[in-house]
Each structure stands twice: as structure tokens, then as C-alpha cells.
């Protein structure tokens, strides 16, 4: 995993002072690194029934379709408000300073489908928890939540109780 971590650019004080931003675009442009990342994420779910991979806007849209393709599943986008053209289900969730909302097409997931939620990074867990709420609202069964990167020191997996949370690259403070 250290080889993959070396491919991630760390940007201090972005987007604001005191924040260390983990830029995965440098990993994505490396063909070997990107393939290794997708392969290792998929290995965790091999042999499990995955009908749909729900990718969270925006960088989840990069990883989720690749996982869906490799796992023989469909891809469903989970988006910010007013980005989807059809009838949507929505959930509003709490941020550190305010609220945000995620939407999904009402017909994106069928009752009983096995859904893997995917995003690039797990930090505080609010966005991932909102996405799992949406999947369950539509009757889907969340079989896991996959992330390229996890910031362990922010405790995001605690907001996903009962979910098989798998992250490939873990960072301590």
C-alpha cells in the first residue's frame, strides 16, 4: 500500500488553513497505480453478490463505475440536488457547519438489490451515511462501503454501523 500512498499528492492548507488535502488525481493518472487500486478494492468483494455500485458525487464517479465493471454490476450515481433529470429520493444530512443534500433516482435501485456504496475518501462519514440511507430508503441492501482512502483519525466508519467498510489506504493523523 505504501507504493499507492506515494502516488497521492498531499496538499497542505487546502481548501483552508489547517487542512491536509489528499489529491488522488496523481494516483489516477498512473496506469499501474489506478489498476492496482481498483483490483484490490474489487478483491474484497469477489464472491459476494453485488447488483449495483452507488457512486457518490463527484470523485466516487471515478471509482464506482470501474468497480461495477469489474464486479459485473450496474452503476448508479448519487448526486447533489437538481443534477438528476428524473424523479428523485433525497436525504439531507448534517455537516460540521450546516447541511447538505444527496439525491438518487427513485427507480435507480430495486427492493432487495445488493448495493455497494463507493466514494474516493471516508473522512467524517456524513456523506457515506447519507448515501446508505438513500439506498435503504429505496429498499436496497447495503452490502458494503468501499473507499480508496480513509482518514482514520476522523472516525467516519462509526457513522456506518453494521456496514462492511473497506478502505484501501488508511491515514493516521
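The values are calculated or read from the model by the stated rules, or taken from the named source; none is laboratory data. Note that the structure is predicted; figures quoted are calculated from it, not measured. Cβ coordinates were reconstructed from backbone atoms using ideal geometry, including for glycine residues, and neighbour counts include every protein chain displayed.
Tell me, please, whether a residue that is more than 30 Å from residue 12 (Cβ to Cβ) and in a strand (DSSP E or B) can be found in the range 122-131. No, the conditions are met nowhere in the range 122-131.
For the range 12-19, check the following and say yes or no: at least one residue is at pLDDT 95 or above and under 21 Å from residue 129 (Cα atoms). Taking every residue of the range 12-19 in turn, none turns out to be at pLDDT 95 or above and under 21 Å from residue 129 (Cα atoms). For first residues located in the range 55-70 and on the phi > 0 side of the Ramachandran plot and assigned to a helix (DSSP H, G or I), partners that are at pLDDT 95 or above and surrounded by fewer than 17 Cβ atoms within 10 Å (Cβ to Cβ) and lie 6+ apart or on another chain with Cβ distances below 7 Å do not occur. Checked against (1) at pLDDT below 95; (2) assigned to a loop (DSSP other than H, G, I, E, B); (3) farther than 20 Å from residue 131 by Cβ, residue 7 passes all but a single condition, namely (1). Note on the range 106-140: residues that are out of contact with any strand residue (DSSP E or B) (no Cβ under 7 Å at 6 or more places or on another chain) and modelled with pLDDT under 95 total 1. Among the residues examined, residue 21 qualifies as more than 15 Å from the chain's Cα centre (by Cα) and within 15 Å of residue 150 (Cα to Cα). Every condition in (1) more than 15 Å from residue 166 (Cα to Cα); (2) in a loop (DSSP other than H, G, I, E, B); (3) in contact (Cβ under 8 Å) with a residue 40 or more places away in the chain is met by residue 50 except one, and the failing one is (1). Residues that are touching a strand residue (DSSP E or B) at 6+ places or on another chain (Cβ under 9 Å) and either surrounded by 12 or more Cβ atoms within 10 Å (Cβ to Cβ) or within 24 Å of residue 68 (Cα to Cα) (or both) within the range 15-35 comprise 20, 21, 22, 23, 24, 25, 26, 27, listed in sequence order. Among the residues of the range 83-98, those that are surrounded by 10 or more Cβ atoms within 10 Å (Cβ to Cβ) and either assigned to a strand (DSSP E or B) or in contact with a helix residue (DSSP H, G or I) (Cβ under 6 Å, 6 or more places away or on another chain) (or both) comprise 88, 89, 90, 91, 92, 93, 94, 95. Working carefully through the options 104, 62, 56, find the one that is closer than 27 Å to residue 170 by Cβ, in contact with a helix residue (DSSP H, G or I) (Cβ under 8 Å, 6 or more places away or on another chain) and crowded, with 21+ Cβ neighbours inside 10 Å. Of 104, 62, 56, the one residue that is closer than 27 Å to residue 170 by Cβ, in contact with a helix residue (DSSP H, G or I) (Cβ under 8 Å, 6 or more places away or on another chain) and crowded, with 21+ Cβ neighbours inside 10 Å is 56.
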